[in-house]
1. Can you compute the modelled spin-label distance between Asn609 and Asp174, with each label point 7 Å from Cα toward Cβ, in nm?
2. For a Förster distance of 60 Å, can you work out the FRET efficiency between the beta-carbons of Ala422 and Leu237, rounded to the nearest 0.05?
3. Calculate, in nm to one decimal, what Ala323 and Glu452 gain on full extension: separation in residues at 0.36 nm each, minus their alpha carbon distance.
4. Taking 0.36 nm per residue of sequence separation and subtracting the Cα-Cα distance, how much length would be gained by fully extending the chain between Arg559 and Arg315, in nm to one decimal?
5. Please list, by residue number, everything in segment 424-468 whose backbone N is under 15 Å from a paramagnetic label point 7 Å out along Cα→Cβ of Asp52.
6. Label points 7 Å out from Cα along the Cβ direction at Cys207 and Ala587: separation in nm?
7. Per-residue accessible area for His617 at 1.4 Å probe radius, Å² rounded to 10?
8. Could you compute the FRET efficiency for Arg338 and Lys219, with r as their C-beta to C-beta distance and R0 at 30 Å, rounded to 0.05?
Amino acid sequence: MRWKSAALFVLGIAASVRFAFAALDEASLAEVAPAAAPRAPFPTSRVVAQIDAALAAEWEAQGLVPAAPASDATWLRRLSIDLLGTIPAADEVIAFLADPAPDKRDRTIDAYLVDRRCAENLAALWSHLLLSASGVNEAKLTHFLQRWLADALANGAPFDAIVRDLTCSSGTGDDPGPMAFQLAYYDTLETLAGVTARAFLGLQIQCAQCHDHPFDRWKRDEFNRFAGFLLDMHGDLRVPVGKRVATWTLINRAPERELQAKLNRLARAVSGDGAMGGGADDAMAAAPMASDAPAPPLDADRVAAIGEALRLLRRGDRAAVEAVLPRLPDEARELVVRYRDQSELFGTAGHLDGAAYQPVDGQSRRAALAAWLTAPDNPWFAQALVNRAWGHLFGRGLIEPVDDLTASKDRVLPELLQALGAEFAAGGFDLRALFGALVRTRAYGLAATTTESPEAAVAQERRFAARTLRPLTPEQLARALEQAAAGQRIDGSPTSRSREQQRLLAELVDRVTAIDANEERRVGASIPQALFLMNGRYSHRSGELKKGGRLERFLDAKRSPVERLRDLWCGTLGRPPSEAEATALFAALAPRRDDATRAFDDLFWALLNSAEFQTHH
């Protein structure tokens, strides 16, 4: 009987709380999409000329002699890795090198930019950037976010529109799409605030979450006001009893309503009764969970303390709430304390440029944040995206690290970055056009440095007068191995691979991945990783010419040994063998002509494990 009376008492309190908040109109928190401004076409030719002129002047001022232009083979491999995320197939390399047309580079750029693989490559990069700090949620949500981003990029969506969808979308269903980003952090809005600023503004504000650093521009009050735009966000993941498909939900709901909904669930757990009503949101919150378990009985005093704490919180009497907290049940205490602390820290929203937040009827805080983030006059948004794109293509940003625009002292031509940001915004935040301009610059087409002076090489590379050599990323290396093993161009999306292929790729990425100081993934240089690449199952399978159609291609009687060697080299290193390489190899392979398949297998394995194959140059 005591259980029954306590449950009824909780139900009565929760019902009264629901009635008290019924006047809050959920529609008042609906999204208001900002009006689209007229967009001029991105001026590719002007931007390319602007970059070339600025860098040429910088090289002259610094006394730097730029490296020689990269060969066609090197340039094609570089472009394919940067835009498509993988190396070109042998046939592509051979055809490109044989093409005498002076515009073949322009035509290849245009073809790659509209290739579905380009959209999927950029989607994978952005998915990792947005979800990597979410822990276990990254694995749950990467597929949804990556697929949505790939579709949006393939359809040519402006990047400001993409960011608005990522930062203020709402809804419920089994495919969260753009909501996957914020859903990954639905219970850690502080982390979400830091990731949002870092990804879309190039600002490192996360350290201000805990304290004011004497040498950091960003203060804790500024961090809290920025995080305040996310206070109304409510996310949820439910797996209804008897179902195998999860339901994701992301809506705007006032913190008071959020607290009420959670107390309703607590009341139901105590009573074992059904939903209490209160509209669609309460019904959603009441969805049965496979993990729901009966709660232990609560004595009347602890139940009464829930209602008392709510009344005191509504009155803003925080001192009295502190006195009630010890009487609350553990779960209710955690809910009330979190609500109290978040309301105190993040109750006031404010933009990082100091502009005051002016609430607008019908616009949620998240929608206001999205509008400010993507405004053409935002001081950081366009520059952050340009700097990140530059860093992806050139190995380093104009400002390094690419996500620290305000504090970094490692700056090259910041005025150029400002000008490019203005062009990017005026041109409608066309990411495809931005990449198309950057890869057409003289600097992108330069070879690696040949100077013997380490100091001179560093100066050349930092000012983009020579190519910066760097390892392939884990994903690039995995896809390069896959492409080399296939022997012909792979057009399928990542989701079209067999489960075995996906498992092997995931294993490879995991085994070769290391996290650097900027939390970016890179290929590690440890002995276990090197051994895995040389002896692991993926390299072994990639190195077997018997798999697929490569054996027939190499043993075709109509193909000369020179053609076989050329195809093998072009399909792995992206270039034909030099005359010296060919001479040495034919001499080494001559004693093994009776076992040509095994000989070419061994050669193929050696190429896959070479430094040249695993380097982005």
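1. For the pair Asn609/Asp174, the computed spacing is 4.5 nm.
2. Using R0 = 60 Å, I get an efficiency of 0.90.
3. 39.2 nm
4. In short, 79.2 nm is gained.
5. 437-446
6. About 5.7 nm, to one decimal.
7. Near enough 40 Å² of accessible area.
8. Efficiency for this residue pair is about 0.80.
The values are calculated or read from the model by the stated rules, or taken from the named source; none is laboratory data. All of these numbers come straight from a predicted model, not from anything done at the bench. Backbone-built Cβ (ideal geometry, glycine too); neighbour counts: all protein chains shown. For the accessible areas, the whole protein counts, side chains as well, though only heavy atoms, and no ligand, DNA or RNA atoms are used. Shrake-Rupley method; radii C 1.70, N 1.55, O 1.52, S 1.80 Å.
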